[in-house]
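Below is one structure; the comments refer to it alone.
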Amino acid sequence: MSCHDSEYEVPFSRVSRVWTLTAPAPFADESSCQCQAPHEKLTIAQARLGTPVDRPVRVYADGIFDLFHSGHARALMQAKTLFPNSYLLVGVCSDDLTHKFKGFTVMNEAERYEALRHCRYVDEVIRDAPWTLTPEFLEKHKIDFVAHDDIPYSSAGSDDVYKHIKEAGMFVPTQRTEGISTSDIITRIVRDYDVYARRNLQRGYTAKELNVSFINEKKYRFQNQVDKMKEKVKNVEERSKEFVNRVEEKSHDLIQKWEEKSREFIGNFLELFGPDGAWKQMFQERSSRMLQALSPKQSPVSSPTRSRSPSRSPSPTFSWLPNKTSPPSSPKAASASISSMSEGDEDEK
């Protein structure tokens with residue numbers, strides 16, 4: 001494949017690669033690029049050595065490619081990298097052939113063609129590819145090798161539609177990717193049909209478009225409402241948990257601060273009122289000051305004592321004070337005692 005023969009020389013792989021990565025792969029029946037270089041027969045050993053040098057090795061891979069997935073892409077990647085310099089043509093069967101020999105597809109032929117054009121490993125797409133490869137088809141597209149998995153593909157009354165390709169030495173096997181296939185994807189959809197039907201009803205599809213009966217439509221819509229309520233309850237529970245967690249965190253912080261303040265208060269109290277506290281020292285100082293203020297200082301012991309004058313007689317003993325235990329019984333007696341006290345004073349004088 002090339003619009004000009006000169007492009008087959010050295011830079012072909014680079015040009016082909018840029019074409020694949022910057023634009024969709026062209027359709028074979030719409031492209032003016034035809035393989036004009038001499039097309040001698042190659043062996044697999046020669047192709048793996050990088051020969052011929054004047055053109056790439058043209059590898060063909062075909063299939064249905066319904067619900068294009070990573071298993072398809074990996075198979076095409078293997079076909080593209082079989083040889084150092086290769087050009088990958090991918091044939092896609094039409095809806096008529098597919099429905100006749102294999103069964104109904106999810107994607108129509110136009111969708112399957114377009115999916116292949118946007119795979120980075122594909123250099124050219126052949127639409128309405130034949131179910132069984134004929135020599136005329138191989139010659140028309142200058143195909144060197146056919147890539148497919150090595151499992152015998154029984155179809156169209158044949159035990160293996162690639163048998164004659166293998167006998168001609170033009171078959172190169174690829175490996176299938178386990179765990180992924182179009183049948184697996186369809187099985188998942190059928191298994192979870194209710195879930196997908198409910199989701200699409202919620203997105204706006206009608207029951208007629210989904211081929212859902214009236215009763216099932218009502219059931220699915222009711223289940224959607226139930227799911228919405230469950231989601232709301234779940235959101236409320238999550239918010240409640242977040243609120244409780246925040247309250248617990250704040251309570252923990254509050255208790256921790258309260259404990260710190262309590263320890264600080266107790267420490268200050270002990271420092272002030274403890275056995276060696278400032279309050280006790282201040283109280284002792286004030287008590288000593290009060291005692292000093294209330295008790296006057298005593299006279300010095302060494303002060304001289306006054307000598308009694310010899311001219312004076314000892315101080316008389318006064319007996320005129322009334323007796324508290326025996327008060328006067330009458331006014332007369334009280335006057336008599338006063339007169340006697342006055343007489344006694346006169347005698348002393």
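The values are calculated or read from the model by the stated rules, or taken from the named source; none is laboratory data. Note that the structure is predicted; figures quoted are calculated from it, not measured. Ideal geometry is used to build each Cβ from the backbone, glycine not excepted, and the neighbour counts take in all protein chains shown. The accessibility values were calculated without ligands, DNA or RNA, using every heavy atom of the protein model including side chains. Shrake-Rupley method; radii C 1.70, N 1.55, O 1.52, S 1.80 Å.
Before moving on, here are some points about what is shown:
- So residue 225, is it touching a residue at least 12 places away in the same chain (Cβ under 8 Å), out of contact with any Ser or Thr (no Cβ under 7 Å at 6 or more places or on another chain) and open to solvent by 100 Å² or more (accessible area, probe 1.4 Å): no
- The condition of being modelled with pLDDT under 85 and either touching a Phe, Trp or Tyr at 6+ places or on another chain (Cβ under 9 Å) or part of a strand (DSSP E or B) (or both) holds for only one of 29, 54, that being 54.
- On the stretch given as the range 32-51, residues that are surrounded by 15 or more Cβ atoms within 10 Å (Cβ to Cβ) and modelled with pLDDT of 80 or more total 4.
- A single member of 194, 150 is closer than 30 Å to residue 227 by Cβ and either in contact (Cβ under 8 Å) with a residue 60 or more places away in the chain or not hydrophobic (A, V, I, L, M, F, W, C) (or both), and it is 194.
- Checked against (1) modelled with pLDDT of 95 or more; (2) hydroxyl-bearing (Ser, Thr, Tyr); (3) open to solvent by 60 Å² or more (accessible area, probe 1.4 Å), residue 154 passes all but a single condition, namely (1).
- Residue, surrounded by the fewest Cβ atoms within 10 Å (Cβ to Cβ), within the range 161-203, restricted to residues that are of a type outside the set (A, V, I, L, M, F, W, C) and at pLDDT below 90: 203
- Checking each residue in the range 123-146 for being under 19 Å from residue 39 (Cβ atoms) and open to solvent by 20 Å² or more (accessible area, probe 1.4 Å) picks out 134, 135, 136, 137, 138, 139, 140, 141, 142.
- Within the range 111-156, being touching a Ser or Thr at 6+ places or on another chain (Cβ under 6 Å) and closer than 23 Å to residue 52 by Cα holds for 123, 147.
- Filter result for residue 149 (touching a Lys or Arg at 6+ places or on another chain (Cβ under 8 Å) and surrounded by fewer than 16 Cβ atoms within 10 Å (Cβ to Cβ)): yes
- Test: residue 176 is over 25 Å from residue 58 (Cα atoms) and of a type in the set (Lys, Arg): no
- Condition check for residue 73: open to solvent by less than 20 Å² (accessible area, probe 1.4 Å) and at pLDDT 90 or above: no
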